[in-house]
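A.B. asks: So that we are looking at the same thing, I have put the structure below in structure tokens.
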């Protein structure tokens, strides 16, 4: 019997799965991942061989294709000196100046400088306490900060360096996005909300300055603001999700069910809120259909 071809469309968004050098099938747009063994592939040898020949190794970086929107243009040097005398220089393309901290965004990292060095401990400790569900097929840890360095500066402030990919940009750079684009951003918000729910955590407030986006895949990253997360029964992030979505959306492009969701009160917990949002996706946006950015 001739070998068949496997349906390699992602069940979550409809985009194509790609295969990594480890043999994982990964959706490069929504991040869903499935694992298939050689036995699973037995009846689909043509699919496996074609994907491996065409995609292997090259797709390990398929979601990291550089400056997608060409937004890394002019930078300025920012310099830090630690209390141990270590000098750190960053090419900063965008900066965020808030009352309690400053953030300098480079191509491959962001430097977060806290006025109060105790915030570094708050930021890192809450991240270390996060437990991931056993069924975390989306690999949600990749959407949270990957801290590569922390220090106290010579002026007493606290410094954290967070890794990021080149094609991930601050969300505040975008506005008037079409609802079909913002829908994917909300979906990632809801995924991460379920992670917070699982850990009984909440932000005092999520601000747009805390968020980053890969416009090629619509994936949302919460790379900042973790110093304001606490163990609590509050669910402020469900309201914050709605506010931020409205702020960046061209509301005229949103279906009625989407606006009803954004204007309404959140559910009591993130799991029920996720279900309510999924109903909007299915009935307001005609299902999980991937759209190009802002299309």
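A.B. asks: Select from the stretch 261-273 the residues that are in contact (Cβ under 8 Å) with a residue 40 or more places away in the chain and part of a helix (DSSP H, G or I) and write down the one among them that is nearest to residue 196 (Cα to Cα).
C.D. replies: Step one: of the stretch 261-273, the residues in contact (Cβ under 8 Å) with a residue 40 or more places away in the chain are 269-271, 273.
From what is left, the residues that are part of a helix (DSSP H, G or I) are 270-271, 273.
Working: 270: 8, 271: 10, 273: 13 Å.
Once the filter is applied, the top-ranked residue is 270.
A.B. asks: Something else: Is it fair to say residue 185 is in a helix (DSSP H, G or I) and touching a strand residue (DSSP E or B) at 6+ places or on another chain (Cβ under 8 Å)?
C.D. replies: In short, yes.
A.B. asks: Restricting attention to the stretch 159-167, does a residue exist that is in a helix (DSSP H, G or I) and touching a strand residue (DSSP E or B) at 6+ places or on another chain (Cβ under 9 Å)?
C.D. replies: Filtering the stretch 159-167 down to residues in a helix (DSSP H, G or I) leaves none.
Scanning the stretch 159-167, I find no residue that is in a helix (DSSP H, G or I) and touching a strand residue (DSSP E or B) at 6+ places or on another chain (Cβ under 9 Å), so the answer is no.
A.B. asks: Which of the residues that make up the stretch 274-295 are within 23 Å of residue 214 (Cβ to Cβ) and in a helix (DSSP H, G or I)?
C.D. replies: Passing the criteria: 274, 277, 278, 280, 281.
A.B. asks: Let me ask something else. Hey, can you tell me all the residues within the stretch 228-260 that are in contact with a helix residue (DSSP H, G or I) (Cβ under 9 Å, 6 or more places away or on another chain), under 19 Å from residue 191 (Cα atoms) and assigned to a loop (DSSP other than H, G, I, E, B)?
C.D. replies: If the condition is that a residue be in contact with a helix residue (DSSP H, G or I) (Cβ under 9 Å, 6 or more places away or on another chain), under 19 Å from residue 191 (Cα atoms) and assigned to a loop (DSSP other than H, G, I, E, B), then 235 is the only one that fits.
A.B. asks: Just give me the residues in the stretch 168-179 being surrounded by fewer than 21 Cβ atoms within 10 Å (Cβ to Cβ) and either assigned to a helix (DSSP H, G or I) or within 14 Å of the chain's Cα centre (by Cα) (or both), in sequence order.
C.D. replies: Within the stretch 168-179, 172, 173 meet the criteria.
All of the numbers you see were taken from the coordinates with simple rules; none came from a lab. For clarity, every value in this text was computed on a predicted model and none was experimentally measured. Cβ sites come from the backbone with ideal geometry, for glycine too, and all protein chains shown count toward neighbours.
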